[in-house]
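Worksheet: the structure to be examined is printed underneath.
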Amino acid sequence: MKDLKVSYQRNLKSNWLIFEPEESFLSELSNKYAFEMGMIEHNNIKGFLRPDIKRVNSKVNICYDISSLQPLSRVFEVRALGIEEIKSFIIEIMSATKALEEFLLEASSIVLDPEYIFSDLDFKRFSFIYIPRNEDNREEIKSLLESILNNINKEDKDCLIMLYGMLKECRRRDFTINDLEYIPDYSLQKDMVNCEEEIIESNADESVLNDKKKKQFNIFGGIFKGNKQKEQNDEEEFLEKVFKGYEPGVKSACLNEERRVFEIKDEEISNTVLLTDKRIKNSGRILRSTNGMEDIEIGYLPFIIGKQDRICDYVLDAEGVSRLHLQFFEKENTLYVRDLNSRNGTYINGKKLENEENMEMNNGDNINICGINYRLEI
């Protein structure tokens, strides 16, 4: 988003996302968008984070409490999305746009950058941000769908086709966020054909046929409408181009890549392990407990520690630990640690990490997670 500086700040037990308007945009917020600013500041709008707007002298900071929430971009890092999750996500977007109508706000100002859409780890609740601005969010919609496409189960052909159809519609010059309501679900076309044949055979009248069509294509609880026929060769051309190795006629899209098999010895099965695209290997990195807790072996990177089963690579079930607490990752052959919006924070050598701060880690460094102390051995 242009005209806005973005920063993060930790304040006691809260993590804040802060937008600071550039001087050229500040006057527009104070005058042209005064109504919009007042509405988002003083109302609880369903699906949106309510900002704490701080006005100091001539400056304005739009602050959002994102404690314990995770940006959608980070969710992409730890899990592949399925078709039902994507449908639920689109429902949330459309519900958010509907909620704005009550407050006379424009859907074009919903921020759809994955960095600024926040979710719980179950991917069932989303929180959006509304920023009044000069530009609309058309490009953000397209980029968002492309990001989702890059983070889905590549063997789910129905999911690929659905997203391709949505992206194709988004490329239209006059497309807006409200048009998401009318994008058809291409993955259900086969079922629709079968349904029509059954109805014709049973001599159903036209009204019954229309009702059946509505049920088949109304996949987002009454939000998505309409139907467009898609040529099979167009679909296959897309899959061949984007996913190398896809063979037309095969039920599920397959990638011609090495199948990775992870072998874990019986004695190593003690905590939930997230199988990422990184091979599990003996890295020689160990968090050695200094107060009687279990040692943590960092066998691969990225590596997440927290309370959430099936998501975290090591489940640390202790008081005060957040569901996603901290992450170890590698950049240019150097080990780093980052706090993941945890409520109680992470301390490295006695220093509390700032929100979204990356700190280089070295042999012998001390890590404190809610009073649990570890020493890094490399």
### Task
Step through the residues of the stretch 142-147 one at a time and calculate ³J(HN,Hα) from phi using the Karplus curve (6.51 cos²θ - 1.76 cosθ + 1.60, θ = phi - 60°), rounding each to whole Hz and writing x for Gly and Pro.
4, 5, 4, 5, 5, 5
### Charge tally in the Cβ shell below 12 Å around Asn44, where Lys, Arg are +1 and Asp, Glu are -1, Asn44 excluded
0
### Query
So, by mean Cβ neighbours within 10 angstrom, what's the order for 38-44, 338-344 with the highest one leading?
338-344, 38-44
### Message
Just to verify a number: FRET efficiency for Glu101 and Asn349, C-beta to C-beta distance, R0 = 45 Å, to 0.05?
### Response
0.30
### Task
Tell me the label-point distance for the pair Leu26, Leu12, using the 7 Å Cα-to-Cβ offset, in nm and rounded to one decimal.
2.8
### Task
Give the peptides 319-330, 74-85 in descending order of average Cβ contacts within 10 Å, highest first.
319-330, 74-85
## Note on the structure
Summed over the other residues with a beta carbon less than 10 angstrom from that of Gln327, with K and R at +1 and D and E at -1, the charge totals -1
### Query
Going 7 Å from the Cα of Lys5 toward and past its Cβ, which residues in the stretch 59-103 have a backbone nitrogen under 13 Å from where you end up?
59-62
### Query
Quick one: which of Lys46/Lys154; Lys13/Lys331; Lys32/Lys59; Lys13/Lys307; Lys59/Lys142; Lys46/Lys307 span more than 23 angstrom between C-alpha atoms?
Lys46/Lys154; Lys13/Lys331; Lys59/Lys142; Lys46/Lys307
## Note on the structure
Plugging the Cβ-Cβ distance of Asp120 and Lys46 into 1/(1 + (r/R0)^6) at R0 = 22 Å yields, to the nearest 0.05, a FRET efficiency of 0.90
### Query
Using the Karplus equation 6.51 cos²θ - 1.76 cosθ + 1.60 (θ = phi - 60°), what ³J(HN,Hα) coupling, rounded to whole Hz, does each residue of the stretch 311-323 give in order, writing x for Gly and Pro?
9, 7, 7, 9, 8, 9, 8, 9, 4, x, 6, 7, 4
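Any read-out appearing in this document is the output of simple, stated calculations on the displayed coordinates, not a laboratory observation. Worth saying up front: this structure is predicted, and the values here are computed from it rather than measured. Using ideal geometry, Cβ is built from the backbone for each residue, glycine included, and neighbour counts are taken over all protein chains shown.
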